[in-house]
Amino acid sequence: MSLGWGNWDVRVYAAESWVSLAPRFASEYPVILDSLASSLDDPAPAVRLQFIQNMQVISAADPERMWQLAERVAASETHPDLVAALLCRSLIRFGRTNLVRCEALLTTVKNRLSAGQFTTAGDRNHVPEALGQWVAILFVGQGRPLARGWLEEFAADPVRYSAALQTFVGMLRGHLFDRYRSNATEESRNICDRSQESLRIVLKQMSQTAAEARSVLVSGPEEVARDAAIKRYRAAGMLVEAAVNQLYFGSGAYAARQAQQNSQDDDTPGLLDVTTKAQFLNDYADTLAVLAASQEPGTLHHLIELYEHLIPGNPATVFESVYQVLLGRGREEGYHFESLGNTAVVRIVQRYVADHRAIFEDEGRRARLVEILRLFSEGGWAEALKLLYELPELLR
């Protein structure tokens with residue numbers, strides 16, 4: 001059912017007018033409240049939408065009735081986009097005034113989603129995205145344990161809850177770096193802690209799901225089992241990629257590369273000094289290790305570029321981490337055959353030789369550097385081969 005309307009849809013404009021009158025006059029004229037409530041019975045979704053997306057307009061006149069009507073929509077509205085409008089617009093504006101009641105309303109929607117009541121043919125369903133947004137608001141922002149439990153439940157079924165998880169992970173970007181800001185408060189550091197915990201929950205489950213799905217595929221299953229395993233593997237891989245993107249872009253790694261290429265000053269947020277980069281490497285060591293086990297070259301590439309940004313924080317640690325990625329999962333998945341991979345590795349080696357040559361006084365580390373260049377040389381990349389031959393002179 002379409003949510004559009006035209007010039008002759010007078011009931012839509014009538015509902016819109018009642019919404020406009022409510023903030024100023026609903027307390028004095030109860031007919032406004034009654035008219036808005038009756039609009040929820042209209043057969044046209046566009047009419048119902050006018051009030052559903054603006055339920056906060058009656059909060060001053062009758063907050064209890066506002067909650068009752070919102071709960072009615074959550075329990076009985078059949079159009080997914082209208083339920084999503086309630087969660088993403090109206091509830092955002094008044095839901096945090098009563099978190100217990102807000103969670104009860106969200107639980108109603110979540111249970112209906114789990115029961116398959118919002119399945120639509122051919123149309124995008126925004127309800128999971130809205131729930132993912134609220135999990136971030138309630139757990140990351142408020143530390144609510146119920147929302148944490150939902151996150152674990154969603155992560156356990158990444159195919160069904162893919163949209164919710166993608167939305168949730170996308171909302172973490174800025175908060176993953178809150179503790180590194182010069183003006184960080186205790187509250188912002190707590191939010192950062194919960195963001196990091198959330199990312200660990202998602203990555204741990206996705207890593208397990210991808211490994212299980214891959215083992216099924218390797219065993220040569222029947223078509224039904226194979227298709228289900230492919231869906232699980234793809235859903236997990238997309239979420240791991242989304243996770244590394246939050247770290248890559250949120251850290252300032254991408255912005256720093258752009259600024260360097262455009263000869264601009266890097267005044268973007270993220271990890272911009274040696275101290276914060278070193279602290280990040282320590283804080284996120286486990287998370288980075290999980291990402292290093294990814295079987296997707298695209299994820300590994302962004303991880304390598306993230307490490308490049310973090311080099312000043314601890315050159316030796318970053319080099320060993322890059323080596324493990326390249327000679328471990330990277331070699332298994334053919335990362336050394338990728339042109340972007342070659343460009344990144346050559347750039348990183350040149351940076352090490354120019355700025356951090358001292359770490360290669362260690363013979364073992366020099367040998368590992370040679371292994372990296374040999375791997376990419378064997379992949380057919382002339383730049384890597386040239387560096388390999390010039391290395392003795394460069395490190396002299």
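For the reader, a short list of remarks on this structure follows.
- Unmet criterion (only one of (1) open to solvent by 60 Å² or more (accessible area, probe 1.4 Å); (2) modelled with pLDDT of 95 or more; (3) not in a helix (DSSP H, G or I)) for ARG173: (2)
- Sole residue being in a helix (DSSP H, G or I), hydroxyl-bearing (Ser, Thr, Tyr) and either more than 25 Å from GLN166 (Cα to Cα) or open to solvent by less than 90 Å² (accessible area, probe 1.4 Å) (or both), chosen from SER182, SER198: SER198
- If the condition is being crowded, with 19+ Cβ neighbours inside 10 Å and in a loop (DSSP other than H, G, I, E, B), then the stretch 279-295 contributes TYR284, SER294.
- Which numbered condition ASP355 misses (of (1) farther than 30 Å from ALA210 by Cα; (2) more than 35 Å from the chain's Cα centre (by Cα); (3) not small (Gly, Ala, Ser)): (2)
- Taken across the stretch 298-321, residues that are not in a helix (DSSP H, G or I) and not polar (S, T, N, Q) do not occur at all.
- Residue in the stretch 9-26 that is part of a loop (DSSP other than H, G, I, E, B), of a type outside the set (Asp, Glu) and open to solvent by 30 Å² or more (accessible area, probe 1.4 Å) present: no
- Members of the stretch 344-389 found to be touching a residue at least 24 places away in the same chain (Cβ under 8 Å) and among the polar types (S, T, N, Q), listed by number: GLN350
- The stretch 320-334, residues that are of a type outside the set (Gly, Ala, Ser) and over 14 Å from ARG347 (Cβ atoms): GLU320, TYR323, GLN324, VAL325, LEU327, ARG329, ARG331, GLU332, GLU333
- Some residue of the stretch 217-225 being of a type outside the set (Gly, Ala, Ser), closer than 29 Å to LEU113 by Cα, assigned to a helix (DSSP H, G or I) and open to solvent by 70 Å² or more (accessible area, probe 1.4 Å): yes
- Selection of helices (runs of 4 or more DSSP H) fully inside the stretch 89-143 by the criterion of at least 2 residues being within 19 Å of GLU197 (Cβ to Cβ) and at pLDDT 95 or above returns 127-135.
- Candidates are the residues of the stretch 185-195 that are under 19 Å from LEU271 (Cβ atoms) and of a type outside the set (S, T, N, Q); the one that is most open to solvent (accessible area, probe 1.4 Å) is ARG189.
- Count of the stretch 201-213 residues, restricted to those that are closer than 13 Å to ALA243 by Cβ, surrounded by fewer than 22 Cβ atoms within 10 Å (Cβ to Cβ) and over 15 Å from the mean Cα position of the chain (by Cα), is 1.
- Failed item, numbered, when GLY313 is tested on (1) farther than 27 Å from GLU378 by Cβ; (2) open to solvent by less than 20 Å² (accessible area, probe 1.4 Å); (3) modelled with pLDDT under 95: (3)
- In the stretch 128-160, the residues that are within 21 Å of ARG232 (Cα to Cα) and open to solvent by less than 10 Å² (accessible area, probe 1.4 Å): LEU131, GLY132, LEU151, PHE154, ALA155, PRO158
The values are calculated or read from the model by the stated rules, or taken from the named source; none is laboratory data. These numbers come from a predicted model, not from an experiment. Note: ideal-geometry Cβ built from the backbone for every residue, glycine included; neighbour counts use all protein chains shown. SASA here: full protein model, heavy atoms, side chains in, ligands and nucleic acids out. Shrake-Rupley method; radii C 1.70, N 1.55, O 1.52, S 1.80 Å.
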